[in-house]
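Structure first, commentary second.
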Amino acid sequence: RQASQRNISLISGIFAKDSRNPDSIERYNRIQGFGAANGHYDKIHLVPFGEFIPFRDYIGKILDIMGINLVNTLPGESYSPLLSNRLKISTSICYEIAFSELVRKTAKSGNLLVTISNDTWFGASIGPEQHLEIAQSRALEHQKSLIRATNSGISAIIDRKGQIVQRQGFFEKKELKDEISIYEGNTPFSIIGNYLIYGYIMLIYMYLFVYNRTYVLNKD
């Protein structure tokens, strides 16, 4: 309510019911916009066994016998950005930021990248730093500023060149503030993605095939 009254864009992670089946206990892992931020994003790439049970018809029966009750999280389907005035916010949740093709699908229609995560399960390891570095790569690939918000750190504001403008350390109490540049276009990677790499690999294989064949013929 306060976000709406003050015209503030507030984005938060929540668990949401399936509006098509409100009696179901299954939920969406969702980024929800409040106040001046409109829309939501449901996590698409779910964690096996953490958020859903693979081959549930088979494995689920075994878990039921063992008395282990796990609830499936529903996968999202939309790549649409959240809207807030001039901002078109492309979002990702937790380890989704590590999947460049998934981020590419959301980033093409946005001008600001936002990722939220719970990194407490990493503990005092190199995990949070690696997660941050992956986020830097996504910002650089799409030449768009990225905001990374976590409940335990490392949170950061990253510019379009992948450089960290501000950061909050692991379990550090700190407020991050800065002006963020907005980029409306798309980079070649945003449009083509990893297909360019696949093309280079195919060319290398073709070259090696032709070279090897020519070498064998000359040897004979």
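Numbers below:
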quantity	calculated
The range 62-220 - percent relative contact order, Cα under 8 Å, separation 6 or more	17 percent
Among Ser80, Ser181, Ser125: highest mean-square fluctuation, GNM of the chain, C-alpha pairs under 10 Å	Ser125
Dipole axis of the range 2-185 (+1 Lys, Arg; -1 Asp, Glu on Cβ), positive-most option in Asn21, Ala156, Pro48	Ala156
Ranked packing of 182-188, 164-170, 33-39, most packed first, by mean Cβ within 10 Å	33-39, 164-170, 182-188
Within the chain, percent of DSSP bridges classed antiparallel, to nearest 5	65 percent
Pairwise FRET efficiency - Glu77 versus Met202, Cβ, R0 = 30 Å, nearest 0.05	0.45
Members of Lys17/Lys174; Lys17/Lys177; Lys88/Lys173; Lys43/Lys161; Lys105/Lys173 lying beyond 31 Å, as alpha-carbon distances in this model show	Lys17/Lys174; Lys17/Lys177; Lys105/Lys173
The chain - mean residue ellipticity at 222 nm from DSSP helices (-39,500 (n - 2.57) per run, n ≥ 4, rounded to 500)	-9500 deg cm²/dmol
Choice from Ser90, Ser145, Ser109 with maximal GNM fluctuation in the chain (Cα, 10 Å cutoff)	Ser109
Label-point separation, Ile126 to Val47 (7 Å along Cα→Cβ), nm	2.1 nm
Within-14-Å neighbourhood charge of Val103 [Cβ basis; K, R +1; D, E -1]	+4
By average C-beta atoms within 10 angstrom, highest first, the peptides 12-21, 45-54, 96-105	96-105, 45-54, 12-21
Computed lengthening from Glu101 to Ala36, 0.36 nm per intervening residue step minus Cα-Cα distance	20.5 nm
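Read-outs: derived from the displayed coordinates by stated rules, not from any lab. All figures in this text were calculated on a predicted structure; none of them were measured in a lab. Counting neighbours? That spans all protein chains shown, and the Cβs are built from the backbone with ideal geometry, glycine included.
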